[in-house]
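The values are calculated or read from the model by the stated rules, or taken from the named source; none is laboratory data. Here the structure is a predicted model, which is why all the values come from computation and not from measurement. Quick reminder, even Gly has a Cβ in these numbers, built from the backbone with ideal geometry, and neighbours come from all protein chains shown.
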Number of protein chains: 2
Amino acid sequence: MNARIFRSIIGLSVSCPFFFSCNKTTQTSPSETSKDSVAVTTDPLPSWNDREGKKAILTYVKEVTDPKSSSFITIPDRIATFDNDGTLWSEQPLYFQFFFALDRVKAMAPKHPEWKNKQPFKAVLEHNTEELMKQGEKGLVQLVMTTHAGNTTDEFDSIVTQWIDTAKHPIKKVKYTELVFQPMLELIQYLQANDFKTFIVSGGGIEFMRPWTEGVYGIPKDQVVGSSVKTQYDYNNGKPIIKRLAELDLNDDKEGKPMAIHRYIGRKPVFSAGNSDGDLQMFRWTDSNPLKNFKLYVHHTDSIREWAYDRPSHIGTFDKGWDEAKAKGWTVVDMKEEWNAIYPLEKK
Amino acid sequence: MNARIFRSIIGLSVSCPFFFSCNKTTQTSPSETSKDSVAVTTDPLPSWNDREGKKAILTYVKEVTDPKSSSFITIPDRIATFDNDGTLWSEQPLYFQFFFALDRVKAMAPKHPEWKNKQPFKAVLEHNTEELMKQGEKGLVQLVMTTHAGNTTDEFDSIVTQWIDTAKHPIKKVKYTELVFQPMLELIQYLQANDFKTFIVSGGGIEFMRPWTEGVYGIPKDQVVGSSVKTQYDYNNGKPIIKRLAELDLNDDKEGKPMAIHRYIGRKPVFSAGNSDGDLQMFRWTDSNPLKNFKLYVHHTDSIREWAYDRPSHIGTFDKGWDEAKAKGWTVVDMKEEWNAIYPLEKK
């Protein structure tokens, strides 16, 4: 268990000097944002302004789905992979899965009276950020493994489902699933309507995502790929269960993404979307597909409606990926300029 | 690397006292079999006789796809998992993947002149079964890893594709893909037509199957689950590749099957098909699904058209699974009695 492994599970970069308060940009709740967009029924991407990103997407899909085009792609090869944190939903001020871990500590505390005097749990229960940071990586790993393992897969599914149905974001004050990106939902649907098979390929936990991604994104469970822990099958008392062990199995970030794509999907994508350097290896993998392909970086530029961050960021660093995107002509979407709505609530 | 791991890759049971000749039953080539079946266009399973197995399948599918039924299953939960060796295609006298390994040794030999004097390769090149068996598991593992690893995923894909397109079964004298089971092809299509999502969950190598299973079974690559080796991502010279390492990652047999189903699919199947004790844990997993579910064992009873084997068998042992199937009322299909055609060639 090391920093890299830890980050792959809960996503907290150790370069974050604060903890709960390391986001330096301004946010507003979704309800405060303007509702100046009008959905046009014939437009598959109504939340996208008619700018570079939208034009590039429409042109690409039209071309590769046209049997007369030299760039035509047959349906089995229409594989699209989406990062999740920062690409399909927000990821500030911390990866949402880490808020889940903190909430789990609080929920589990009544059965662990010893935590009142035991770090790192004590710090979490006392909201003592300074003390928690002193616990370092070891303490944080302990938090994540304690809250993410030691139960069965069925139990963990229920826990995640209950949390995602009730927990609210500390700043936006809405459920986490309200913080998915409306333009990306439209993009997923548009690709699906054009016979693309859409996958999530995320550094987040696969079992943290699957309970809700099908309903929220319309992506089936078996098309969700993420980091995972090792498991153990048991058949005690004639009842089969799978236990979640406190040991990382797949670290689905950076170079782990192309390997996970190969493992789960078995062919190179022709369309990939991401938002950080953690997606760069996935983009290079997609870019190496001899079929015409598309790489889309979401650039977080909207400090009012969402958050603004890129090169120096404690989460979702967009630095090397940005340079390579510019050098190679990949599509970089400026959220502030190109999206007339960020969250679904703005469309209601 | 141990016997269990080894068997998961190449499937040779160490209880086989012979090697190339451990099958004790009689076989004929597909062309010698009778063609007395007449396909009825309205019958989704024309190669199945109107016996217990077929009736049970039709009744089950009709019931769980009827919205008025109390056993109705919504489409996302219609997950069907199929074992491959012995369930979708034959597996005698050795798992076909092991013939691939032997052929690879011969194909690679010109670049390895040292193999002429080095075991276990020498024994393979000299067709010396007795000597090969003396090499034991260590030698066999060496054979498999030498022929299955050390290349890139793209290279391995090409090698498998070329082999499957050209190699012929030593007894049946037809391509291996001609030895898939016509009734099971019909079953897959029937389930797909009823909005079941069909998966392969096999102890065979995932990368050995994916190059051809899509075309042969109509099951997409990302719905093929199998044993796998560890991989390594590399980006030398700006070209991303994934290398196949000589180390097992996933052993998709026995208790590995429910764990692989959970990892790849993320929900319990409602329909599972298999043929050996290696599928028992998958069946128990399916059986524990609160939704109405179906377990189908293919029983190899036809020594004329295919092979006959069950309890004492060097491959595809059907012993504990048979007992449990009888005790729990799972469906056991008698190939000889219930299938009027075994291979697609019989229908042409």
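Values for this structure:
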read-out	value
Residue list for the stretch A:293-309, filter: farther than 16 Å from A:Met184 by Cα, crowded, with 24+ Cβ neighbours inside 10 Å and of a type in the set (Ser, Thr, Tyr)	A:Tyr309
3 or more residues within 14 Å of chain A (Cβ to nearest Cβ) and touching a Ser or Thr at 6+ places or on another chain (Cβ under 6 Å): qualifying helices (runs of 4 or more DSSP H) within the stretch B:138-227	B:206-217
Residue check, A:Val141 buried (at least 20 other Cβ atoms within 10 Å of the Cβ) and either closer than 21 Å to B:Arg263 by Cβ or polar (S, T, N, Q) (or both)	no
Residue match in the stretch A:255-273 (condition: more than 28 Å from B:Ile219 (Cβ to Cβ) and either touching a residue at least 40 places away in the same chain (Cβ under 8 Å) or more than 11 Å from chain B (Cβ to nearest Cβ) (or both))	no
Residue that is small (Gly, Ala, Ser) and surrounded by fewer than 18 Cβ atoms within 10 Å (Cβ to Cβ), where the choices are A:Ser288, A:Ser313, A:Ser272	A:Ser288
Selection within the stretch B:152-170 - surrounded by 15 or more Cβ atoms within 10 Å (Cβ to Cβ) and either under 14 Å from B:Phe100 (Cβ atoms) or of a type outside the set (S, T, N, Q) (or both)	B:Phe156, B:Asp157, B:Ile159, B:Val160, B:Trp163, B:Ile164, B:Ala167, B:His169
Conditions (1) farther than 30 Å from B:Ser288 by Cα; (2) surrounded by fewer than 22 Cβ atoms within 10 Å (Cβ to Cβ); (3) modelled with pLDDT of 95 or more; (4) of a type outside the set (S, T, N, Q); number of the one not met by A:Phe318	(2)
Enumeration of residues in the stretch A:288-319 that are part of a loop (DSSP other than H, G, I, E, B) and among the aliphatic types (A, V, I, L, M)	A:Leu291, A:Ile304, A:Ile315
Test: residue in the stretch B:195-211 that is free of Cβ contacts under 8 Å to residues at least 60 places away in the same chain, more than 30 Å from B:Glu247 (Cβ to Cβ), surrounded by fewer than 22 Cβ atoms within 10 Å (Cβ to Cβ) and not hydroxyl-bearing (Ser, Thr, Tyr)	no
Checking A:Leu250 against (1) over 30 Å from B:Ser158 (Cβ atoms); (2) modelled with pLDDT under 95; (3) within 12 Å of chain B (Cβ to nearest Cβ), the condition it does not meet	(1)
Filter result for the condition that a residue is under 23 Å from B:Val180 (Cα atoms) and at pLDDT below 95, over B:Lys336, B:Lys295, B:Lys347, B:Lys257	B:Lys347
Subset of the stretch B:320-348 [of a type in the set (D, E, K, R), outside any helix (DSSP H, G or I) and touching a residue at least 24 places away in the same chain (Cβ under 8 Å)]	B:Asp334
When residues of the stretch A:228-246 are limited to those that are more than 8 Å from chain B (Cβ to nearest Cβ) and in contact (Cβ under 8 Å) with a residue 60 or more places away in the chain, the one farthest from B:Arg263 (Cα to Cα)	A:Ala246
Test: residue in the stretch A:175-187 that is of a type in the set (Lys, Arg) and surrounded by 20 or more Cβ atoms within 10 Å (Cβ to Cβ)	no
